[in-house]
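The next block holds one structure in the form of structure tokens; read it before the comments.
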Amino acid sequence: MEKNIKCECDEIGKLKSGMESLYNKENELPFVNHKPNECKCTNDLKQYIRNGKKLWLCSCCCLSSDEEVK
Ligand SMILES: [Zn+2]
Ligand SMILES: [Zn+2]
């Protein structure tokens, strides 16, 4: 695993009510709310294509519309 990788989510992270149980309490939930480009979550970082750009995204931030880079 490469070091210094961080989540490059460029959207506002917002926890939707009722969704708490979908996130891991220690590794994900504290990081779900964040400003663009300030996500601190490092859980399960993978590269995804979002809007034609390659981004590292954590498990809180990847959306079903993001395509995983294999
Ligand atoms: Zn993230
Ligand atoms: Zn995010």
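Here segment 13-44 is the region considered, the condition is being at positive phi and surrounded by 11 or more Cβ atoms within 10 Å (Cβ to Cβ), and the residue that is farthest from ligand 2 (Cβ to nearest atom) is Asp44. When the residues of segment 45-70 are filtered to those that are within 13 Å of ligand 2 (Cβ to nearest atom) and assigned to a loop (DSSP other than H, G, I, E, B), the one that is surrounded by the fewest Cβ atoms within 10 Å (Cβ to Cβ) is Leu63.
With respect to Cys41, is the statement that it is touching a strand residue (DSSP E or B) at 6+ places or on another chain (Cβ under 7 Å) and assigned to a loop (DSSP other than H, G, I, E, B) true? So Cys41 fails the test.
All of the numbers you see were taken from the coordinates with simple rules; none came from a lab. All of these numbers come straight from a predicted model, not from anything done at the bench. Virtual Cβ from ideal backbone geometry, glycine too; neighbours counted across all protein chains shown.
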